[in-house]
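Visitor: Submitted below is the structure of interest, expressed as structure tokens.
The values are calculated or read from the model by the stated rules, or taken from the named source; none is laboratory data. Everything quoted here is computed from the prediction, not taken from an experiment. Virtual Cβ from ideal backbone geometry, glycine too; neighbours counted across all protein chains shown. Side chains are part of the model used for accessible areas, which takes the heavy atoms of the whole protein and leaves out ligands, DNA and RNA. Shrake-Rupley method; radii C 1.70, N 1.55, O 1.52, S 1.80 Å.
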Amino acid sequence: MNINLVSLLKYTAALSKINSLPQPLIQQISALPGVKIRDLKLTDLVLPANQCNGIYFFVSPNDSVVYVGKASSRCFVERLGGHFDLRAGNWFSSFLRAYARIVNGVVGDLSSEDYEKSYNDILDYRLKILAIDIPANQTLSAAVKHTIAMLERFFVKHYKYQPGIIVLNR
């Protein structure tokens, strides 16, 4: 596991009952260096089966979190690859689509060229991953998926309201 890219959070039943984002968790993500998109390797995203789901963050070169996403039904290696689909009409690359619309001002349907320009623009952005460490005796249950979705909402809300940060999530 790439320690610059991935931080672990142990899943417990208590985690599913939190009602706000704990400050130590925010600090844990802030301290994680991340890996530049241009340096990212497919093998960096291959994690053990009990740690392949969770929350991921795209961070701008000025260290602002601009996108928060979740990998709950799919592993990180499956979900994150979808963000870099450059074909016109694709529906899975929501980060590039949001970037093209908000930063590059694209209106209407995106062309392959729009996706490619956005991709080239974000090569120096970094990826950070918060992997949920599910105990070996558990599976990716509805409760775990709910916890991942809840954490994603908490992180989006947290970063959206930070001064000077443009959060690309809807």
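Visitor: Just to check I understand the Karplus step: with θ = phi - 60° and J = 6.51 cos²θ - 1.76 cosθ + 1.60, what whole-Hz values come out for region 100-117, glycine and proline as x?
Guide: Going residue by residue, I get 4, 6, 7, 8, 8, x, 6, 10, x, 5, 8, 8, 4, 5, 4, 5, 5, 4 Hz, with x marking Gly and Pro.
Visitor: How far is the Cα center of region 123-155 from the Cα center of region 31-77, in Å?
Guide: Centre-to-centre (Cα) distance: 11 Å.
Visitor: Taking the Cα centre of the chain as origin, sum charge times position over the Cβ atoms of Lys and Arg (+1) and Asp and Glu (-1), and report the length of that vector in debye to the nearest 20.
Guide: Once rounded to the nearest 20, the dipole reads 500 debye.
Visitor: While we're on this one: Per the Kirkwood definition applied to all pairs of different Cα atoms, how many angstroms is the hydrodynamic radius of the chain?
Guide: 16.4
Visitor: Which one of Ala13, Met1, Pro48 is farthest out on the positive end of the charge dipole of the chain, using unit charges on Cβ (Lys, Arg +1; Asp, Glu -1) and the Cα centre as origin?
Guide: Ala13
Visitor: Here is a follow-up. Could you work out what % of the accessible surface of region 9-156 is carbon and sulfur, using a 1.4 angstrom probe and leaving DNA, RNA and ligands out of the count?
Guide: 54
Visitor: Just Arg126, Arg79, Arg38 to compare: in a GNM of the chain, with alpha carbon springs under 10 Å, which one fluctuates most?
Guide: Judging by the Gaussian network model, the answer is Arg38.
Visitor: Here's a follow-up. Distance check, please: which entries in Lys41/Lys117; Lys41/Lys145; Lys117/Lys157; Lys41/Lys160; Lys17/Lys41; Lys41/Lys157 exceed 24 angstrom between their Cα atoms?
Guide: Lys41/Lys145; Lys117/Lys157; Lys41/Lys160; Lys17/Lys41; Lys41/Lys157
Visitor: Taking springs between alpha-carbon atoms closer than 10 angstrom, which of Gln28, Gln51, Gln138 fluctuates most in the Gaussian network model of the chain?
Guide: It is Gln138.
Visitor: Short version: what are the Cα gyration tensor semi-axes of region 55-127, square root of 5 times each eigenvalue, largest first, in whole Å?
Guide: Those come to 19, 16, 10 Å.
Visitor: Compute the angle between helix 142-160 and the longest alpha-carbon principal axis of the chain, please, reported from 0 to 90 degrees and rounded to the nearest 10.
Guide: 50
Visitor: Moving to a separate point now. Expressed as a rounded percentage, what relative contact order does the chain have, with Cα pairs under 8 Å and six or more residues apart?
Guide: 36
Visitor: When ligands, DNA and RNA are left out and all protein chains stay put, how many square angstrom of accessible area per residue does the chain have with a 1.4 Å probe?
Guide: Here the per-residue accessible area is 51 Å².
Visitor: What percent antiparallel are the DSSP beta bridges of the chain, to the nearest 5?
Guide: Rounded to the nearest five, the antiparallel share is 75 percent.
Visitor: So what does Val77 come to for accessible area, using a 1.4 Å probe and Å² rounded to 10?
Guide: 50
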